[in-house]
Amino acid sequence: MAGRAVVVAHPDDEILWLSSALAGADRVVFCFGDPFNRPAKAAARRRAVAALALPGLIDLRIPESGAGFAVDRASPVATPQGLQITDTAARTRYEANFPRLVAALRPALAGCAEVYTHNPWGEYGHAEHVQVHRAVTALQAELGFRVWFSNYVDTKSWPLARRLAGAPCWTERRRVRPDVALARGLMKTYRRHGAWTWTPFHRWPAQETLYGQAPEVEGRHPMAGEEMLDVAGLRWWPPPWRRARRRLTALPV
């Protein structure tokens, strides 16, 4: 096995959270396609994806569930499919997407030694980011790859990150530089086609941390005590009380 894959929920996630892994990837996988009930945005996204210069691009185009932020932020509940969704219809679509996602990722990730994907709390708390992380890790033992994720977090995802902080989940840690030139170049493509979903004031940090999770459960460390990157603090003009770095503490058991 020698392949490296970057697997993200939506187009543009790859440059926001995993730009440091893109240059060495031999495949980039987008999991979800058309945004739920947003036809104009769906058309813009398809145009942008068609114009992207990304290695081995695999666009699974599973329809979004619309469950992105339909979550109890104060007391998030983890489920086998990702997170417990508060909207009934969205929950049905979200849960139905999970086996489709696992089945579609299995051939896409065959032969990979490393898979870079969303972190367990979904960066800023997007339920589909969490679902992609769960789907990737569900295939890890079967396919034998190492999972990597980054240290971005947000106020909305902080309660979930703290709930997960005590569980052993990483075996290796790397300090890396985001590939800002590559990220900005791809951002221009998204913006040109009207498919950029993030703030125009985003700035990439000088350094981020990637955490590796080996297929073996033994020897894993918890996230408690690790330094996180607060995405709101990474804007060009962050609120004065928001710093870009936060220390993760686990919730009492």
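Residue check: is Trp196 more than 25 Å from Thr137 (Cβ to Cβ) and either within 18 Å of the chain's Cα centre (by Cα) or free of Cβ contacts under 8 Å to residues at least 24 places away in the same chain (or both)? In short, yes. For the stretch 171-211, filtered to residues that are among the polar types (S, T, N, Q), part of a loop (DSSP other than H, G, I, E, B) and modelled with pLDDT of 95 or more, the residue that is nearest to Arg47 (Cα to Cα) is Gln207.
When the stretch 33-57 is filtered for residues that are in contact with a helix residue (DSSP H, G or I) (Cβ under 6 Å, 6 or more places away or on another chain) and either among the small types (Gly, Ala, Ser) or open to solvent by 50 Å² or more (accessible area, probe 1.4 Å) (or both), the ones remaining, listed by number, are Asp34, Ala48, Ala51.
Could you list all residues from the stretch 223-253 that are open to solvent by less than 50 Å² (accessible area, probe 1.4 Å), under 24 Å from Gly166 (Cα atoms) and not aliphatic (A, V, I, L, M)? Hits for the stretch 223-253 are Gly225, Glu226, Asp230.
Looking at Leu186, is it touching a residue at least 40 places away in the same chain (Cβ under 8 Å), surrounded by 21 or more Cβ atoms within 10 Å (Cβ to Cβ), within 18 Å of the chain's Cα centre (by Cα) and over 24 Å from Phe69 (Cβ atoms)? Taking the combined requirement at face value, the residue satisfies it. State yes or no: is Ala25 within 21 Å of Gly144 (Cβ to Cβ), assigned to a loop (DSSP other than H, G, I, E, B) and of a type in the set (A, V, I, L, M, F, W, C)? Taking the combined requirement at face value, the residue satisfies it.
If you check Ile58, Ile15 for being under 17 Å from the mean Cα position of the chain (by Cα) and part of a strand (DSSP E or B), only one passes: Ile58.
The values are calculated or read from the model by the stated rules, or taken from the named source; none is laboratory data. Note that the structure is a prediction, hence the values are computed from the model and not measured. Virtual Cβ from ideal backbone geometry, glycine too; neighbours counted across all protein chains shown. Each accessible area value is taken on the protein alone, full model and side chains, heavy atoms only, with ligands, DNA and RNA left out. Shrake-Rupley method; radii C 1.70, N 1.55, O 1.52, S 1.80 Å.
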